[in-house]
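Asker: Please find one structure pasted underneath; my questions will follow.
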Amino acid sequence: MLIGIVGWRGMVGSVLIQRMLQEEDFNYFETRFFSTSNVGGKVPETIQFRGSRVLADAFCEKSLADCDVILTCQGSEYSRKILPSIQSKGWNGFWIDASREFRMQDDTTIILDPLNRESIETAIKNGKRIFCGGNCTVSCLLMAIHGLVKNDLVEWISSTTYQAASGGGAKHMKELLNQMGKIYKCIDTSLSQDNFNILDIDDSVLNTQKNFTAEELSCFNVPLAGSLIPWIDQDRNDGWSLEEWKGDVELNKILNLDQEGIKVDFTCVRVGIMRCHSQSVILKLKQKLEIEDIQRILNEANPWVEVVPNKKAETEKRLSPLYTSGTLKIPIGRIRRLNYNDLCISAFTIGDQLLWGAAEPLRRMLRILCDENFAEEF
Ligand code: NAP
């Protein structure tokens, strides 16, 4: 089996390769690495795999069509251009995609196998070929509330997010760091003085933030360091951002629910942190449950979810992007009943959006395809 990987150098792609090396996935297949910007260059020596070390051209359809599976983390624009074209020329391999491009197409399965392995297997058996990772916030939320949705206990969800800069990709992370650096430089000397004047420092910081150059704002358009942006992705012109819209439609698609499924409302906010998406969630349940029962149901659902007791010290330690970053853990805490309705509970959850929110479902999909039950597909 030959796997083609496109977009391995980006934010999601780098984390994917890291995980594939940890899990020794490259032993299961031959791999061809593609590039859109460095054709003929070399795959870094740190990546151990079977196949050529020379980077193939990600726009060469012949080279792509040799692959039984193409896994892309290159982004929507690339997918939009390549997949229809190679399929129209007869390529019938599996397309695994981190981008949103084909997620809502009828013949596409959104992959999050701890929750929908059955749908994935059925799709493979039915000859479906397109498998897309879900929106990062949706996948992380579903991993957290897996137990409640599995037991059909959720009527609606309202979530306000705190999404990291890395959600936008490698260049966005760099932009945040450059802004942080510039802010620090402007107050470095004043801060080191014992008798610093905090209002002067505050003024300098504000002044720096308000005067970033266009180049320093090229990814986020407005300052993110020391600030936040309550809008992510395109404007749908109906009051919802595209990111918020994805929450409702993708969550229900992953769970294979129809229009009577779970109603989902997101308010998506970009914050100046590096990695991990956090969410403050309100859930309306279909029946009144004791908090201890909710915690047990959540804890038992999958090996990665961690219920954090609703206590200050535990919350500070374990319910944070720093605790979660670079791990597959999905902490969920601050679980309590809301005053205004006995059926409503609130919770706070965090997931590394580059792992469960992006790379992990993709690499697990590769392993599902390697499973002996599907070997005949190749
Ligand atoms: P990204 O970091 O911008 O990487 C995409 C491509 O940009 C890379 O494959 C690379 O292509 C090129 N690139 C240009 N300059 C680069 C640099 N300095 N460092 C690294 N790569 C550079 O994008 P991404 O965040 O990985 O997102 C890829 C797709 O996954 C998107 O469709 C996104 O919506 C989706 N997604 C992202 C996240 C997330 O949290 N970031 C989560 C879920 C889904 P070449 O090597 O060919 O030049």
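Asker: List the residue pairs whose Cβ atoms are under 7 Å apart, where the first residue sits in segment 1-14 and is touching a residue at least 60 places away in the same chain (Cβ under 8 Å) and closer than 17 Å to R367 by Cα, the second is part of a loop (DSSP other than H, G, I, E, B) and within 7 Å of the ligand (Cβ to nearest atom), and the two are 6 or more positions apart or on different chains.
Answerer: G13/G7; G13/C73
Asker: Suppose we filter A165, A214 for residues that are within 22 Å of S99 (Cβ to Cβ) and within 31 Å of the chain's Cα centre (by Cα); which single one remains? Before the answer, list the steps.
Answerer: Working: A214 fails: within 22 Å of S99 (Cβ to Cβ).
Going through A165, A214 in turn, the sole match is A165.
Asker: Out of the residues in segment 236-282 that are open to solvent by 60 Å² or more (accessible area, probe 1.4 Å) and within 16 Å of the ligand (Cβ to nearest atom), state the one that is nearest to I110 (Cα to Cα).
Answerer: Residue satisfying both the conditions and the ranking: W245.
Asker: What number of residues within segment 52-81 satisfy the criterion of being closer than 16 Å to F33 by Cβ and touching a residue at least 60 places away in the same chain (Cβ under 8 Å)?
Answerer: Qualifying residue count, segment 52-81: 11.
Asker: Considering only segment 232-264, how many residues are more than 18 Å from the chain's Cα centre (by Cα), acidic (D, E) and not in a loop (DSSP other than H, G, I, E, B)?
Answerer: 1
Asker: Go through I297, I350, I335 for me and flag whichever is crowded, with 23+ Cβ neighbours inside 10 Å and either modelled with pLDDT of 95 or more or of a type in the set (D, E) (or both).
Answerer: Details: I297 fails: crowded, with 23+ Cβ neighbours inside 10 Å; I335 fails: crowded, with 23+ Cβ neighbours inside 10 Å.
Residue meeting the stated conditions: I350.
Asker: Can you list the helices (runs of 4 or more DSSP H) found entirely within segment 1-96 that contain at least 2 residues being open to solvent by less than 10 Å² (accessible area, probe 1.4 Å)?
Answerer: Values: elements: 11-22, 61-65, 76-88.
Answer list for segment 1-96: 11-22, 76-88.
Asker: Of the residues that sit in segment 14-33 and are out of contact with any helix residue (DSSP H, G or I) (no Cβ under 8 Å at 6 or more places or on another chain) and of a type outside the set (S, T, N, Q), which one is nearest to the ligand (Cβ to nearest atom)?
Answerer: Across segment 14-33, the extreme among qualifying residues is F33.
Asker: For segment 150-171, indicate whether the set of residues that are part of a helix (DSSP H, G or I), away from the ligand (no atom under 16 Å from the Cβ) and under 27 Å from L366 (Cα atoms) is non-empty. Give the derivation first.
Answerer: Here is the first cut: in segment 150-171, the residues part of a helix (DSSP H, G or I) are 150, 165-168, 170-171.
Within this subset, residues satisfying the condition of being away from the ligand (no atom under 16 Å from the Cβ) are 150.
Filter once more, so that each one left must be under 27 Å from L366 (Cα atoms): 150.
Looking for residues that are part of a helix (DSSP H, G or I), away from the ligand (no atom under 16 Å from the Cβ) and under 27 Å from L366 (Cα atoms), one finds at least one in segment 150-171, hence yes.
The values are calculated or read from the model by the stated rules, or taken from the named source; none is laboratory data. Remember, it's a predicted structure, so these values are computed and weren't measured experimentally. Every residue, glycine among them, receives a Cβ derived from its backbone with ideal geometry; neighbour counts consider all protein chains shown. Protein only, heavy atoms only, side chains kept; ligands, DNA and RNA dropped before computing areas. Shrake-Rupley method; radii C 1.70, N 1.55, O 1.52, S 1.80 Å.
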